[in-house]
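These notes are about the structure you will find just below.
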C-alpha cells in the first residue's frame, strides 16, 4: 500500500488524526512498525529505511515524507538506483555506529546513500545541493557514500555541508 492509499480505516503510518485524504501533513514524520513493508514511492520501499539494529533498540521506523520526496527526485534525475545504507536509526544503534547525539537519522530525516565511485559521490552531492528541501549534505569520498537530510535550512540559500 502506498502512502496515497492510506486512510484511518486501513494500514498506514501510526500517526494521530490522519487527514481525510489519508496522508499525514507534510511536516509530520511517518511512524511505521519495524515489521511493516511496502512502497513509499516509485523507487523506494519502507524496508530500506528500517533501523539496522537487529531489534536491539527499536521496534519502529520514523520517516519524514520530505526525505522520501528528495530521494525520489534524485533517483529520477540521476537515472540510477540510490542504495540506502542507513535510513532511520534508533538512538541505541546510532551510538553503536558513532552517529552524532542529535543525528537527523534518529528523527527520520536523513539517509546515507552508497556510491560506486568518487565520481558518483560528486554527482549525487551536486544534484542534492540544488534541491531546496535538502538541509544537510555530507560527502564521504573515502567511504563512497553521501549523507542527505531534510533539516530546516535556517534561512541559508545552501544546505549545511561537510566532508567526512
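The values are calculated or read from the model by the stated rules, or taken from the named source; none is laboratory data. Computed from a predicted model, the values in this text were never measured in an experiment. In this analysis, Cβ positions are derived from the backbone assuming ideal geometry, glycine residues included, and neighbour counts consider all displayed protein chains.
Working only within the range 85-96, note down all residues that are crowded, with 17+ Cβ neighbours inside 10 Å and touching a residue at least 40 places away in the same chain (Cβ under 8 Å). So that I can check it myself, show each step before the final result.
Going residue by residue through the range 85-96, those that are crowded, with 17+ Cβ neighbours inside 10 Å are 86-90, 93-94.
Matches in the range 85-96: 93 only.
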Quiz item: Cβ-Cβ below 7 Å, separation at least six or inter-chain, first residue in the range 150-164 and at positive phi and free of Cβ contacts under 8 Å to residues at least 60 places away in the same chain, second surrounded by 11 or more Cβ atoms within 10 Å (Cβ to Cβ) and part of a loop (DSSP other than H, G, I, E, B): which pairs?
Solution: none
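Just checking, how many residues over the range 97-123 are surrounded by 14 or more Cβ atoms within 10 Å (Cβ to Cβ), assigned to a helix (DSSP H, G or I) and more than 15 Å from the chain's Cα centre (by Cα)? Break it down stepwise before answering.
Of the residues in the range 97-123, the ones surrounded by 14 or more Cβ atoms within 10 Å (Cβ to Cβ) are 99, 103-115, 120-123.
From what's left, assigned to a helix (DSSP H, G or I): 104-107, 120-123.
Of the ones still in play, those that are also more than 15 Å from the chain's Cα centre (by Cα) are 120-123.
Number satisfying all stated conditions: 4.
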Quiz item: Name the pairs: first residue in the range 29-42 and at positive phi, second residue surrounded by fewer than 17 Cβ atoms within 10 Å (Cβ to Cβ), Cβ to Cβ under 7 Å, at least 6 apart or on different chains?
Solution: 38/1; 38/45
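Search the range 53-67 for residues being touching a strand residue (DSSP E or B) at 6+ places or on another chain (Cβ under 7 Å) and surrounded by fewer than 18 Cβ atoms within 10 Å (Cβ to Cβ), and hand back the single one that is modelled with the lowest pLDDT. Break it down into steps so the answer makes sense when it comes.
First, the residues of the range 53-67 that are touching a strand residue (DSSP E or B) at 6+ places or on another chain (Cβ under 7 Å): 59-63, 65, 67.
Checking which are surrounded by fewer than 18 Cβ atoms within 10 Å (Cβ to Cβ) leaves us with 59-60.
Numbers: 59: 88, 60: 91.
In this case the residue turns out to be 59.
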